[in-house]
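No lab work stands behind these numbers, since they all come straight from the coordinates. Keep in mind the model is a prediction, meaning the values are calculated, not measured. We place every Cβ from the backbone using ideal geometry, glycine too, and count neighbours over all the protein chains shown.
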Amino acid sequence: MPIHPDRILYEDDHFLAVAKLPRELVVKGSGPVERLPLLDFLKKSHPGLRPANRLDFEASGVVLFAKTKAALAAAMAQQKKGAWIKTYRTIVMGHMKADQGEITKPLPARMGGGEAHALTRYRILERLSGVTSLEVEIVTGRHHQIRRHLAMIGHPLVLDAVYGDEKFNRAFSHAYRYHRFFLHASVLAFPHPVTGELVRVEAPLPGAFEEVLGKLRT
């Protein structure tokens with residue numbers, strides 16, 4: 001069964017952008033999976049598709065696929081030059097003081113060891129019950145960048161089992177009955193390598209994300 005048409009966010013002769021669901025793999029890994037990876041679904045109707053970006057297993061939002069090797073190479077080159085702007089929504093522990101800011105702490109490089117430059121910008125959307133709703137923008141794409149950076153400044157993602165606060169997470173799960181962190185790739189913007197036009201792809205928040213925000217506002 002092919003992917004539902006509602007999840008197709010953008011398509012032309014070179015690229016396909018799709019809304020990834022929480023707890024859905026982009027490509028098959030080594031371990032067991034709950035559902036067929038996104039790429040496997042898409043290849044039924046788009047053979048030869050190649051992922052141009054990835055998201056964490058728990059995360060949701062915009063994932064871009066290239067239809068040709070040339071399109072993939074162009075997308076990778078753009079990302080390396082910092083031409084992509086990736087905007088996320090998330091919920092973090094505690095009330096952040098500054099309405100906006102930047103985190104520039106180096107993070108482990110994916111290749112070759114050592115540390116690499118990383119830049120995360122954030123803007124507060126709402127201060128809620130014991131947590132803060134954020135819009136986060138990254139140009140660099142280090143491993144777990146948003147999760148690591150926000151944890152480094154004392155505001156880890158709510159329910160992040162790796163970088164989060166275990167005591168806070170237990171209390172939050174008990175109070176609200178959620179068990180995974182909220183991280184959503186809401187917007188991907190990039191200059192189209194063929195047309196030169198700015199492409200802006202947006203994915204709506206998943207229902208559970210909207211639901212928890214509603215509960216936190218009461």
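Quick notes on this one:
- Part-to-part distance (alpha-carbon centres) for the stretch 35-87 and the stretch 196-218, which is given in Å: 20
- Semi-axes of the equivalent ellipsoid for the stretch 1-112, Cα gyration tensor, largest first, Å: 27, 19, 15
- Among Pro47, Pro204, Pro193, the residue with the largest mean-square fluctuation in a Gaussian network model of the chain, with springs joining Cα atoms closer than 10 Å, is Pro47.
- GNM on the chain, alpha-carbon springs under 10 angstrom: the most fluctuating residue among Glu166, Glu137, Glu197 is Glu197.
- Cα Rg over Rh - the stretch 37-87, Kirkwood: 0.98
- In straight-distance terms, cross-link reach from Lys69 covers every one of the lysines whose alpha-carbon lies under 24 Å from its own, apart from those fewer than eight places away in the same chain; here that gives Lys20, Lys28, Lys43, Lys44, Lys80, Lys81, Lys86.
- Charge dipole (Cα centre; +1 on Lys/Arg Cβ, -1 on Asp/Glu Cβ; no other charges) of the stretch 1-126 amounts to roughly 320 debye.
- Distant-in-sequence amide contacts of Val199, defined by a placed amide H-H separation under 5 Å and a gap of 5 or more residues or a different chain, comprise Phe190, His192.
- Computed from Cα positions, the angle between helix 207-217 and the longest principal axis of the chain comes to roughly 20 degrees.
- Rounded to the nearest 10 degrees, the inclination of helix 69-80 to the longest alpha-carbon principal axis of the chain is 40 degrees.
- Of the residues Phe190, Ser173, Gly207, the one whose Cα sits farthest towards the positive end of the charge dipole of the stretch 157-208 is Ser173 (charges of +1 on Lys and Arg Cβ, -1 on Asp and Glu Cβ, taken about the Cα centre).
- Pairs of Cα atoms farther than 15 Å apart, the stretch 1-66, %: 46
- Proximal lysines relative to Lys167, as straight alpha-carbon distance under 23 Å, when same-chain residues fewer than 8 apart are discounted: Lys97, Lys215
- log10 of Debye I(q)/I(0), alpha-carbon scatterers only, for the stretch 133-218 at 0.22, 0.25 Å⁻¹: -1.17, -1.34
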